[in-house]
Amino acid sequence: MLYNIAKRVAIVAVIFAVILSVLLIANYIQTKSIDPLNSKAISQLMLKLQENPNDTALKEQIRALDLLARKAYFTYQWQIRTGSILLFVFVLVFLIALKYMSSLKSRFPDLSESPGPEDTWENKLLARKYIIFSGLGLFLLAFVLGILSENEMKHFGMEKAKEKMSVGDFPGIDEIRKNWPGFRGPEGNGIAYHTDVPIEWDGKSNKNICWKISIPLPGYNSPILWGDKIFLSGADKQNQAVYCIDAGTGKIAWQAELNDIPGSPAKRPKPTEDTGYAAPTMTTDGQRVFAIFATGDIACLDFAGKRIWAKNLGVPGNHYGHASSLVTYQDLLLVQYDHKTGGHLLAMKTETGILIYDKPRDVDISWASPILVNTGTRVEIILSSNPFVISYDPRTGQELWRVKCMSGEVAPSPAYADGMVYVVNDNALLAAIRLEGTPNVAWEYEDDLSEVASPLATKDFVIMASSYGTVSCFNSKTGERYWVHDFDHGFYSSPILVGDKVYLMDMKGVMSVFKADKEFQLISTCELGEKAVTIPAFSQGRIYIRGDKHLFCIGKERAAPAAQ
């Protein structure tokens, strides 16, 4: 009788253990494929929130979905923990019952009877030890996966807790478009949203020149703006600094020297003259400004010029000098750091400078800047180097896709419009990458390529300027070249779309304004009065251009801002 009871206990225990094992293995597979705290619905709503940062109903919807996701997370944790404990208990009961059955069988053998059907089944089960071992292996696998799932969920939960989703703590797309926060404008794509700007000026006669000031230290970085504050950086062999200029008066509001950064090299690198020590354009998140130099020094300042954090990323292994500009994404500062020693995408907390990730990149040295793209379904950061154009998730650094299409020493940055990415480099090609489905090269062009200037892209046109003065306009979808025009001087500055006009400045400081159309139509030619290779900034009816020696403000006088 005791033997039969033990047998039934063992059968019940093994049945429940098998069921729990299957459930735990399925749960592990599910947690590896579905992220309970990274809902696609929340991600899409966050993209909408960037466009409408003041939408209270949308914020509440995000918070409600986030709460549901976190409840799902804690449910997963409870299921994993409870299932693992129960599996351990049932396997233990099964083994104890099996051992007890074995001891009873050896103690009370009944030699007077031939084995019945049940006894035959038991003997066969005991004889086929591989069945027992397979079952134990299944239980052990499920138990281990349960422990791994719980540890991964705990780790992931702590990471998410550190992130603390904060709805609306960063500027929305409307606020970004009102300003000029980084390289090539609001979205890094060469499109200005302040279109009521002059089409004529002259630096020698001061026509439409509101003011110009001398910048103490040289630099090839372009001006950035937030509100009435303009930010620039400058550096030479001994000094490096950030300047804040009042947009209304043209006076330097403050300057912050950055010569004592921890880890900064005692012997500074020797960049070429056309790159210098302060080539990368700064960026701002609306509260702080960020600058990086050829020394590898990177710093964060508040709008009053107070240093928040600063450190050295390692001296760039770069024979021209570091030139990749900075990008912010929500609470992250992103740096393309592709050098002789290998490529990297770095992400740091904007508030503290703490490194969030360092993504190694199997690419050659590059001088291009990254571009942050909202495709409508997700946000990607896209980098161009030799030989790959690669897209990453800016939050995690996870690679999203790559296309092999570049070669040489890549300097022009990517452009994006209407589901297409455009990359170019001299002695390589102009490539249009279609993102729909598996990203691939939709069309390419091999003549009159850009060496430094980044392309301008819209849903209708792609405009590319070369360093020897040739400008080409293409159909953005098919690659048909609509027109080509040869200017007197070459271009390092990139074209900027302002309404239905394109502003493009050559290396002599001459700005050509022409129509964005299928035929070339020159509107005006404006001389700055000194050489310039930077990109102009457009804001509130004015254009700000950094020349070799001066910062120029072009436009009409503005009324003083209303008191708040």
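Data overview
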{"read-out": "Per-residue HN-Hα couplings for the range 497-507 [Karplus 6.51, -1.76, 1.60; θ = phi - 60°; Hz; x = Gly/Pro]", "value": "8, 10, x, 9, 10, 10, 10, 9, 9, 8, 6"}
{"read-out": "FRET E, pair Leu522, Asn427, Förster distance 25 Å, beta-carbon r, rounded to 0.05", "value": "0.30"}
{"read-out": "Alpha carbon centroid spacing (whole Å) that separates the range 514-533 from the range 202-216", "value": "18 Å"}
{"read-out": "Approximate spin-label separation His485-Asn312, in nm, with each point projected 7 Å along Cα-to-Cβ", "value": "4.8 nm"}
{"read-out": "Out-of-range pairs (alpha-carbon distance over 20 Å; input Lys229/Lys556; Lys204/Lys549; Lys178/Lys306; Lys178/Lys349; Lys404/Lys518)", "value": "Lys178/Lys306; Lys178/Lys349; Lys404/Lys518"}
{"read-out": "Pair Lys237, Asp362: separation of 7 Å Cα→Cβ label points (nm)", "value": "4.2 nm"}
{"read-out": "Mean Cβ neighbour count within 10 Å, used as a protection proxy, ranking 389-401, 532-544 highest first", "value": "532-544, 389-401"}
{"read-out": "Ascending count of other beta-carbon atoms within 10 Å, so fewest first, for Ile215, Ile85", "value": "Ile85, Ile215"}
{"read-out": "Ranking of His344, His485 by count of other Cβ atoms within 10 Å, fewest first", "value": "His485, His344"}
{"read-out": "Alpha-carbon Rg/Rh ratio, for the range 173-555, with Rh computed the Kirkwood way", "value": "0.93"}
{"read-out": "Percent antiparallel among DSSP beta bridges (both partners in the range 173-555, rounded to 5)", "value": "95 percent"}
{"read-out": "Two-decimal Rg to Rh for the range 216-307 - Kirkwood Rh, Cα set", "value": "0.95"}
{"read-out": "Full-extension gain in nm, Ser102 to Ile25, via 0.36 nm per residue minus C-alpha separation", "value": "24.7 nm"}
{"read-out": "Per-residue Cβ neighbour rank within 10 angstrom, fewest leading, Ser222, Ser450", "value": "Ser450, Ser222"}
{"read-out": "Calculated FRET value between Asp246 and Val441, using beta carbons and R₀ = 51 Å, to 0.05", "value": "0.65"}
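Taken together, the values in this text are just the output of simple stated rules run on the coordinates, not laboratory data. This is a predicted model, so every value here is computed, not measured. Glycine gets a Cβ as well: all are built from the backbone with ideal geometry, and neighbour counts include every protein chain shown.
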